[in-house]
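Notes for the one structure printed next.
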Amino acid sequence: MSHGHHIIPMKVLIKTIVALVILTGVTVVAALDVVTATIGSHAINTLIAILIASVKAYLVAAYFMGLKYDSRTHTLVLISSVGFVILLYLFSAIDIFSRTPIESTL
Amino acid sequence: MASSTHNYLNHEKGLWSWLTTLDHKRIGIMYMITVLLFFAIGGTFAMLLRTELIAPGETIFGAQLYNQAMTFHGAIMVFMVIIPGIPAFIGNFILPLHIGAKDVAFPRLNLLSWYCLIVGAAITFVSLIYHGSDTGWTFYTPYSIETDNGTTWVVLGAFVMGFSSILTGVNFVTTVHKLRCKGMTFFRMPLMVWGLYSTAILQILATPVLGITLLLLAAERILGVGIFDPKLGGDPVLFQHFFWFYSHPAVYIMILPAMGIISELITAFSRKTIFGYRAIAFSSIGIAAVSFFVWGHHMFVSGQSELAGVIFSLLTMLVGVPTAIKTFNWVATLYKGSVQFQSPMLYALGFLFLFTIGGVTGIMLATIGMDVHFHDTYFVVAHFHYVMVGGTLMAIMGGIYYWFPKMFGKMYNELAAQLSFLFIFIGFNVTFFPQFVLGAMGMPRRYFDYLPIYEPLNKISTFGAYMIGFGFLIGLYVIIDGLLKGPKASDNPWGAKTLEWQTASPPPHENFLTEPEVTAGPYEYR
Amino acid sequence: MSTDNTVTAGGHKHAHHFRDGLHEFEASKFGVWLFLATEILMFGGLFVGYFLYQSRYPEMFVEGASFLDWRYGSVNTIVLLISSLTMALSIHYAQKNNKKACVTNLVITLVCAGAFMVIKYLEYSHKFHLGLFPGEAFSYADAVAPNLAMYFSFYFLMTGLHGSHVLIGMGLIIWVLIRASKGEFNSEYYTPLEGVGLFWHLVDLIWIYLFPILYLI
């Protein structure tokens, strides 16, 4: 599965940085108090921040790191590593959030 | 074929040529020497522990020294012997040969991985100046934060050794993907390679989490950052989640390459193709995958929630399935095979027996109700020694004897090797089977002292430990005698079919005189 | 886009166990990605810890975040994003045999990295001034949450580990900068540049997540 020396076009790189800067602005605006108040929930706010960050991460990975032009195995490596981080979170969270508090008898 | 004239051993001369080598075969031999040395040290600690436990009360030392000795026994065996043992020693030597390559993908990283092991081990041993560590190799918080000794050194040493494992993993995955020779499709690779490949994936995905866990522990000890400290609202059980997220896959890092060796030995010494090649190959990947979902079975009584416990228990049962598939397939390979009982095969057969006991007792421990009784008793100690010693160590010994002629171009004394096996195998059972009973009777682990009722079985166990020690001394003699005075070995003394046997013993620097081209599977005996 | 046999136009000899320079390049890239996976898992552990505790002590985390200035964080984010662009550009120009542009972009990348560290230094000194230290040294007296120290444990551990990777990245960039200025990279061979680039983008990726969860929560 040889992909050779693919040169990422200048136009693509420029469009990517522009998108990234704009998204950074969106992230900041979305976190402003007035917006947070409108949304209401702190958790939703966090989720939105993570989602926007993920779009930025996708752009960096796909275009700056060249994943879009690379062997799909590389993308699998990236996705798997993130997947296993989520796994660590998931099972630890299942434990922590399903613990029943016990009154101390001491 | 002029095999003894020009080979990797005499390709260059002098200690410096070894310390700066980029040849995977030489790096494998360097790992062999260091791993066996660490095994001797870890084994000495084991003998000290068993000697203390021959009678209740203080025999040779008390609680403090016992705790330090048992921590070092565990840390050395886990980080310096069993984890690097097969991948970095045997794997490094054999993997490129098995796929018809000239070297691993990144020879310089390979050398670096060896230095990481050495430096990490040195850092660990420096801790002895500060009374080492007494936490057990699992470093549970909050005790590991508070204990006033060299624990930080041990933890940082383990961190550096983790890099050794990661580099080996990165190297092996890339090697398998990119350096297979012509005609070597994935399903024509020896099962040893499947074992090493699955292991390498685990090394890449799991070890970094250990890395951050150890860093956090060091930060807690040095800076007092308190992420696991209840006084600051931290959760000590979270340490265990982080720790076992690595350490459970770690035990599969220990066993998967061993299973790879067993596949090689069983097929070669039955002179019959392996039964169920694809099943064994996929089960290696399957075991690696499932191993990430079961870590909480080390934490059933730690304060983990019942729901989490039940989930982990069910998933743990699952991992027995691919493991059993392998075992059935190995036995099926023996059936109607032309079985030769030379020492490598004795170790393989020993593995089948001992690993099965170890595996089945693992399923017992996966059952929460039973684990509540067995946790932190000698039942657990017996279980993991059956799988790690009865499993991995048996495979290492079998692999050493099997590949000894290939690595050194000499044959060892078969009779002495069989004698060594006998003492190790029998001694092992004498040492560890009573420990199942002791655990069921309630004897706790990691204690220097115990109630008089446990004394008889402890005496038997200690006697067995001395048998094992004696067996390994004979084994050491076999290896040294073979190296110094062994008769010249042919290129293929076992008549095996994998690629390493199609080149000289010892192999030339470039492994093969011409690049091999593969047109069939690895075990075409009939 | 030609594959070479032994020696490329720029004089690079591929290692003996690879078929050709392209084979070596592909293997090296794959190896770097595998290494990046380990970095993601290492940092991931810190993120997991952060999120688990943030659910438990939401107000404490908000209080901690109030000490962070989103303007510094935003500037740092832009700085790193630009450095990622210039890093990608340096590879782009190496592939086009434009040594001068390649070197220039590496220099800009280095400068951006330096700027990031300067801003980090300013942020850290401001916090130390207030007594906001990691761990036992935490001495801020007016905390509302009794365990506010934990927020700063995470803050310093996560930004510290990230910052150390910025420093390592700067070292790597200097290394390839020297090699590039010596003319060692060209359209046939720029493997170290690619590898350092991937590492640098990862450093950027981690900050892309650190920024919102630390500064904007």
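Counting other Cβ atoms within 10 Å as a rough exposure proxy, the listed residues B:H241, B:H98 run B:H98, B:H241 from fewest neighbours to most. When B:C181, B:C116, C:C112 are sorted by how many other C-beta atoms sit within 10 angstrom of their C-beta, beginning with the fewest, the order is B:C181, B:C116, C:C112. Kirkwood hydrodynamic radius computed over region B:246-349 comes to 15.0 Å, based on all pairs of distinct alpha carbons.
Measuring between alpha carbons in the structure, the pairs from B:K13/C:K13; C:K29/C:K120; B:K102/C:K13; A:K15/A:K68; B:K272/B:K326 lying more than 19 angstrom apart are B:K13/C:K13; C:K29/C:K120.
Projecting the Cα atoms of A:I17, B:F300, B:G162 onto the charge dipole of the protein assembly as shown (Cβ charges, centred on the Cα centre) puts A:I17 farthest toward the positive pole. The H on the amide N of B:K410, modeled in the peptide plane, is under 5 Å from the matching H of B:A489, each at least 5 residues off or on a different chain. So, in nm, how far is label C:S125 from label B:N10 when the simple model puts each one 7 Å beyond its Cα toward the Cβ? Output for this residue pair reads 6.6 nm. The charge dipole of chain C, taken about its Cα centre with unit charges on the Cβ of Lys, Arg, Asp and Glu (plus for the first two, minus for the last two), comes to roughly 500 debye. For the pair region B:391-454 and region B:41-79, the centres of their Cα atoms are 17 angstrom apart.
Magnitude of the Cβ-charge dipole of the protein assembly as shown, K/R +1 and D/E -1, about the Cα centre, nearest 20 debye? The calculation lands at about 2380 debye. Sorted from greatest to least, the principal axis extents spanned by the alpha carbons of region B:23-502 come out as 63, 47, 43 Å.
What the Cα convex hull of region B:133-237 gives, in volume per residue, is 111 Å³. Pop the C-beta distance of B:R278 and B:H131 into the FRET formula with R0 = 35 Å and round what comes out to the nearest 0.05. About 0.10, to the nearest 0.05.
Here region C:9-61 and region C:96-170 have alpha carbon centers that stand 21 Å from each other. Entry note: chain C has Rg to Rh equal to 1.08, where both radii use alpha-carbon atoms and Rh is the Kirkwood radius. As I understand it, the dipole of the protein assembly as shown uses +1 on the Cβ of Lys and Arg and -1 on the Cβ of Asp and Glu, about the Cα centre. Which of A:I50, B:M407, B:I285 lies farthest toward its positive end? Final value for the positive-end residue is B:M407. Over the C-alpha trace of the protein assembly as shown, radius of gyration and Dmax come out as 27.8, 84 angstrom.
The length gained by stretching the chain between B:Y143 and B:Y115 to full extension, at 0.36 nm per residue less their Cα-Cα distance, is 7.0 nm. Using the Karplus relation 6.51 cos²θ - 1.76 cosθ + 1.60 with θ = phi - 60°, the per-residue 3J(HN,Hα) values for region A:80-93 come to 4, 5, 5, x, 6, 4, 4, 4, 4, 5, 4, 5, 5, 5 Hz, with x marking Gly and Pro. Taking each DSSP H run with n ≥ 4 as -39500 (n - 2.57) and averaging over every residue of chain B yields -21500 deg cm²/dmol at 222 nm. Rounded to the nearest 20, the size of the Cβ-charge dipole of chain A about its Cα centre is 500 debye, with Lys and Arg at +1 and Asp and Glu at -1. On full extension, the segment bounded by B:D449 and B:L19 gains 150.3 nm, given 0.36 nm per residue less the C-alpha separation. For region B:291-301, the Karplus equation 6.51 cos²θ - 1.76 cosθ + 1.60, evaluated at θ = phi - 60°, returns couplings of 4, 7, 9, 10, 4, x, 6, 8, 10, 4, 10 Hz by residue, with Gly and Pro reported as x. The Stokes-Einstein estimate for region B:1-61, based on a Kirkwood radius over Cα pairs and taken at 37 °C with 0.692 mPa s viscosity, is a diffusion coefficient of 220 µm²/s. Taking amide hydrogens as placed 1.01 Å from N in the peptide plane, the amide H of B:T377 sits under 5 Å from those of B:R445, each at least 5 positions away in sequence or on another chain.
Ordering B:S133, B:V237, B:I123 by Cα displacement along the dipole of region B:104-238 toward the positive end leaves B:I123 in first place; charges were set at the Cβ atoms of Lys, Arg (+1) and Asp, Glu (-1).
Read-outs: derived from the displayed coordinates by stated rules, not from any lab. As the structure is a computational prediction, the values presented were derived from the model and not from experiment. We place every Cβ from the backbone using ideal geometry, glycine too, and count neighbours over all the protein chains shown.
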